[in-house]
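These notes concern the structure reproduced below.
The values are calculated or read from the model by the stated rules, or taken from the named source; none is laboratory data. Everything numeric here is computed off the predicted structure, so don't read it as measured data. Please note: Cβ atoms are built from the backbone with ideal geometry, for glycine as well, and neighbour counts cover all protein chains shown. Ligands, DNA and RNA are stripped out before the accessible areas are found, and what is left, the full protein with its side chains, is counted by its heavy atoms. Shrake-Rupley method; radii C 1.70, N 1.55, O 1.52, S 1.80 Å.
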Amino acid sequence: MKFEDLLLEIGGFGRFQILILFVLCLARINLPMHFLLHSFLAATPSHHCAIPHQEAFVNLTMEEILLISIPREPDGTFRSCEMFSQPQFHLLLNSSLQPENDSVIQNCQHGWVYDHSQFTSTISTQWDLVCEQRGLNQATATFFFIGVTIGAVVFGYLSDRFGRKSMLMLSLVFSVIFGMLSAASVSYSMLAITRTLTGMALSGLSLIVLPLGMEWVDIEHRTFSGVLTSIFWSIGNMLLALIAYMVREWHWLLVTVTGPCLLSIIYLWWVPESARWLIANGKVKQAHKHLLRCARMNGMKDFALSPEALRTITTDKKPGESYSYISLFRTPVLRKISLCSGAVWFGVAFSYYGMSMKLTGFGLNMYLSQFVFGIIEIPAKIIVYVLVNRIGRRQSQAWSLILTGLCIGANIIIPKPFTSLRSVVATMGKGLSEAAFTTVFLYTSELYPTVLRQNGMGYTSFVARLGGALAPLVFLLDEVWRSLPEVTYCGVAVCCGSVAFLLPETLNVRLPEGIEDIE
């Protein structure tokens, strides 16, 4: 007897499953508010070198002081990282006569002055993470995703070993603790450490929510539950734009996006442990209790299966036997799935976060870009819901990622003055990248057997977070060639999307329980 047969007896998608999905979806809103926070937390406003006061400046306006103290770029704007070693008073007579001798130009000596019209403060303005320190600013996102990467390995293993729900609650508790400590950071080092630990904690929430929900629903509604869960990511995406617009001070921004995790701890107490996991681990009495509760809520009062009968539910796991990440590579078919799905996850995350962290240059302000990027994801997910059931998971996965790369590549060619066209192409690319992300979550949870599902999700999430950690650092390649970051995102997306063609199709296939089902 398979677990899917049991679900038909207790109701595979009734009131019980709808409530579970709704509660888990609410918790998922927390994720994008932290995962995409870097764009606002570490935003760098326009700035220039601080100019020490001199008596010769008494009768000059601020504009004239800047004119004689800061060299200009070819487009007429003042440079952000350089100043004149001595005031160039002759520029007051003819500002077009910029000094040709670089010896009179030096790096900023007295700090920087920032434009606070858009942000009260960010970590860039707090610790002067500009110019030579620009790399540390981008590294803040990398530290966070390094934490997420480590957390994926830890929570992937622990949730297969000790259960989905207990690890989900542990994840949220630590998310609140480290999130609040991040907001209280008094140095860059403290912020880097606490953001890394926050990422590690939130990784459990990211990893467990979708499989826990899907392990309670039948085959027919599996796609719907995966897409519904993903839609709440987009809602969190849009909420982040609104919160960041209202809260312009980085300490309070961190407090505001961490607070909902505390609420999640309260309402997630109601969610039961996965009955699939309980049966696979020999905990049939607990599984029986949850199954009876499910049957009652779904109106299946005739359900009367005994705890002993649950032991006949077929899994490939023997009592006391445990699996590890090494198990993902021991058998040939599972090895191929693991290698290919890892490559796909890397490409999906690398391109998604590369697009999500570049909110300027498309003709919209960053808050509107964030909101538009969030709202375009919802129709993208609805299209995914139709496509994965019509053309299958494999084709949907491959083409959504390949087309994401082509949209990124198209914006390299489109001239900067064509802001409307660039905005449309960027929005299409963002929608496609989210379609790829939605599909890969659903697809991966169907590829691995129950006894290894969280290990599989942990491994692929680990690879994805490597992509997420590298994505912000790629922006630094613009010093080599202005278009090199976009070329990199484009190439990786197209190559990794092509790898998806090597994965097996899972449309209308039962969730595998054991390794033998895969092989």
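In segment 47-114, what percent of the accessible surface is made up of carbon and sulfur (1.4 Å probe, ligands and nucleic acids excluded)? Numbers along the way, then the final one.
Values: 2120 of 4220 Å².
The nonpolar share, carbon plus sulfur, comes to 50 percent.
Express as a percent, rounded to the nearest 5, the fraction of DSSP beta bridges in the chain (both residues included) that run antiparallel. It would help to have the intermediate numbers written out before the result.
Values: 7 of 8 bridges.
Of the beta bridges lying entirely in the chain, close to 90 percent run antiparallel.
Once you have the Cα-Cα distance between Ser324 and Ile177, take 0.36 nm times their residue separation minus that, and quote the gain in nm to one decimal.
In short, 50.0 nm is gained.
For Trp252 and Ser306, what does the FRET efficiency come to when R0 = 60 Å and r is the distance between their Cβ atoms, rounded to the nearest 0.05?
Values: r = 55 Å, r/R0 = 0.92.
Between Trp252 and Ser306 the formula returns 0.65.
Can you work out the accessible area per residue across the chain, with the rest of the protein chains kept in place, probe 1.4 Å, in square angstrom?
On the way: 21120 Å² over 519 residues.
Result: 41 Å² per residue.
Helices from the chain with mean Kyte-Doolittle at least 1.6 and a Cα length along the axis of 15 Å or more, per DSSP H: which?
Span-like helices in the chain: 15-28.
By per-residue mean of other Cβ atoms within 10 Å, what is the highest-first order of 118-129, 171-182? Spell out each step's value before the answer.
Working: 118-129: 18.9, 171-182: 21.4.
Output ranking for 118-129, 171-182: 171-182, 118-129.
FRET efficiency for Asn94 and Ser189, Cβ-Cβ distance as r, R0 = 56 Å, nearest 0.05?
Details: r = 47 Å, r/R0 = 0.85.
Using R0 = 56 Å, I get an efficiency of 0.75.
Per 0.36 nm of contour for each residue apart, how much would the distance between Ile18 and Arg79 grow if the chain were fully extended, relative to their Cα-Cα spacing? Spell out each step's value before the answer.
Values: separation 61, 0.36 × 61 = 21.96 nm, distance 5.60 nm.
Fully extending the segment from Ile18 to Arg79 adds 16.4 nm.
Could you tell me the relative contact order of the chain? Use alpha-carbon pairs under 8 Å, at least six residues apart, and round to a whole percent. Before the final figure, lay out each step's value.
Numbers: 880 pairs, mean separation 113.1, N = 519.
Relative contact order for the chain comes out at 22 percent.
Check the chain and count each lysine pair with an alpha-carbon distance under 18 angstrom, considering only pairs eight or more places apart or from different chains.
15
Across bins of 5 angstrom width beginning at 0, how are the C-alpha pair distances of segment 325-518 distributed, in whole percent?
Result, from short to long distances: 1, 8, 16, 20, 19, 14, 9, 6, 4, 2, 0, 0 percent.
When only Cα pairs under 8 Å and 6 or more residues apart are kept, what is the percent relative contact order across segment 47-114?
On the way: 87 pairs, mean separation 30.0, N = 68.
With pairs under 8 Å counted, the relative contact order is 44 percent.
Ordering Leu207, Leu502 from largest to smallest accessible area (1.4 angstrom probe), what's the sequence?
Numbers: Leu207 5, Leu502 100 Å².
In descending accessible area the options line up as Leu502, Leu207.
In whole percent, and with a 1.4 Å probe on the protein chains, what portion of the accessible area of segment 361-519 is carbon and sulfur? Walk me through the numbers before you get to the answer.
Working: 4360 of 6120 Å².
Carbon with sulfur: 71 percent of the solvent-accessible area.
Give the calculated FRET efficiency between His116 and Tyr267 to the nearest 0.05, with a Förster radius of 35 Å applied to their Cβ-Cβ distance. Could you put the intermediate results ahead of the total?
Numbers: r = 38 Å, r/R0 = 1.09.
That pair, His116 with Tyr267, gives E of 0.35.
Could you give the alpha-carbon Rg of the chain over 2.2 N^0.38 Å, rounded to two decimals?
Rounded to two decimals, the normalised Rg is 1.10.
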